[in-house]
1. Looking at segment 257-270, can you tell me whether even one residue there is closer than 29 Å to SER22 by Cβ and buried (at least 20 other Cβ atoms within 10 Å of the Cβ)?
2. Restricting to segment 40-65, count the residues that are of a type in the set (Ser, Thr, Tyr), farther than 28 Å from VAL246 by Cα and exposed (fewer than 13 other Cβ atoms within 10 Å of the Cβ).
3. Do we have any residue at all in segment 133-144 that's farther than 27 Å from GLU54 by Cα and at pLDDT 70 or above?
4. Can you tell me which residue in segment 5-39 is farthest from the chain's Cα centre (by Cα), limited to those that are surrounded by fewer than 16 Cβ atoms within 10 Å (Cβ to Cβ) and hydroxyl-bearing (Ser, Thr, Tyr)?
5. If you scan segment 66-98, which residues turn out to be modelled with pLDDT of 85 or more, assigned to a loop (DSSP other than H, G, I, E, B) and exposed (fewer than 11 other Cβ atoms within 10 Å of the Cβ)?
6. Criterion first (closer than 22 Å to GLY247 by Cβ and either surrounded by 13 or more Cβ atoms within 10 Å (Cβ to Cβ) or not small (Gly, Ala, Ser) (or both)) does THR129 satisfy it?
7. Sort through LEU156, LEU148 and tell me the only one that's in a helix (DSSP H, G or I), modelled with pLDDT of 90 or more and within 30 Å of SER22 (Cβ to Cβ).
8. Among the residues of segment 271-285, what is the count of those that are among the charged types (D, E, K, R) and either over 21 Å from GLN149 (Cβ atoms) or buried (at least 16 other Cβ atoms within 10 Å of the Cβ) (or both)?
Amino acid sequence: MTGYGKAETTLCGRTLICEIRSLNSKSMDLSTRLMPQLRAYELDLRTILTQQLERGKVDLAIYFQDAPAASEPAAISWDVVREYARQYSEQFGQVPGEVMAAILRMPDVTRPHEDLSLSEAEYAEVKQTLQRAIEAFQAFRTQEGAALQAMFTEKLDGIAALLAEVEPYEKGRVARIRERLEQNLLKLSQETQAQTDRNRLEQEMIYYLEKLDITEEKVRLTNHIRYFRETMGDLTTNDKRPTTGVGKKLGFIAQEMGREINTLGSKSNQSEMQILVVRMKDILEQIKEQVLNVL
């Protein structure tokens, strides 16, 4: 959800700049920095952005590029000055010069020497400029989405390749475990071996070996990878299907992939398999970090 968009126009003989920046966020977190002429329209501008950008930590700035000339004198609000002076005189009598100088530095006494209102036509021009900035912003997001899709594809291919590398270790693993259990049993005393219920031993051994079997985890992880690819395909389709919530769905799928990888790790009793699992976890963490960038 990171992005940047900028547009500008000429308004009132000056250059108006509209900038939109966004970072990752689970919801819409919008902050605005508007020139004084737009304070009355802030709610309307917020509504426009919220409807089109959906979510993200968004910063909107609309301002004149060229500030008023330094030679232009600041306008003094004499009504405010008289009110401050009246309140002082009611308490302390005549207003001395140093107090009047302090009053002239009080808040709201001076203001920029410019009109603080816009006509309907001027505000319509502001909204058109904002819309162009939103379009530039969305184009930036689309470009980033294509790069994310390529990255996700590469990472998913990496996890699938590591999962395939598990296969050779798995084939002889159960047989080796069974052989080791049998050898340990032979080390017991003759009396203990005679008292051992072979049928019960076979049942317990089968139960133990089934708990170490990772076939189900491999199948589920493969299905999750396939489903992630299918869901990710919605990011770059050319049709008009809504894509809102795809990022959250990808996040849920990544969580399920993590569960299967963790189970593989808990069932792996060979260092080679555990190394492969660690590498899968590392790749998955990279996917989870970037999923936050998907709407």
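The values are calculated or read from the model by the stated rules, or taken from the named source; none is laboratory data. It should be emphasised that the depicted structure is a prediction, and the values quoted were computed from it without experimental measurement. Because the Cβ atoms are built from the backbone with ideal geometry, glycine has one as well, and the counts that use them run over all protein chains shown.
1. Yes, the conditions are met somewhere in segment 257-270.
2. 0
3. Scanning segment 133-144 turns up no residue that is farther than 27 Å from GLU54 by Cα and at pLDDT 70 or above.
4. Here the residue is THR10.
5. Within segment 66-98, GLY93, GLN94 meet the criteria.
6. Details: closer than 22 Å to GLY247 by Cβ: no; either surrounded by 13 or more Cβ atoms within 10 Å (Cβ to Cβ) or not small (Gly, Ala, Ser) (or both): yes.
The answer is no for THR129.
7. On the way: LEU148 fails: modelled with pLDDT of 90 or more.
Only one candidate passes the filter, namely LEU156.
8. Going through segment 271-285, the residues among the charged types (D, E, K, R) turn out to be 272, 279, 281-282, 285.
Applying the additional criterion that residues be either over 21 Å from GLN149 (Cβ atoms) or buried (at least 16 other Cβ atoms within 10 Å of the Cβ) (or both) yields 272, 279, 281.
Counting residues in segment 271-285 that are among the charged types (D, E, K, R) and either over 21 Å from GLN149 (Cβ atoms) or buried (at least 16 other Cβ atoms within 10 Å of the Cβ) (or both) gives 3.
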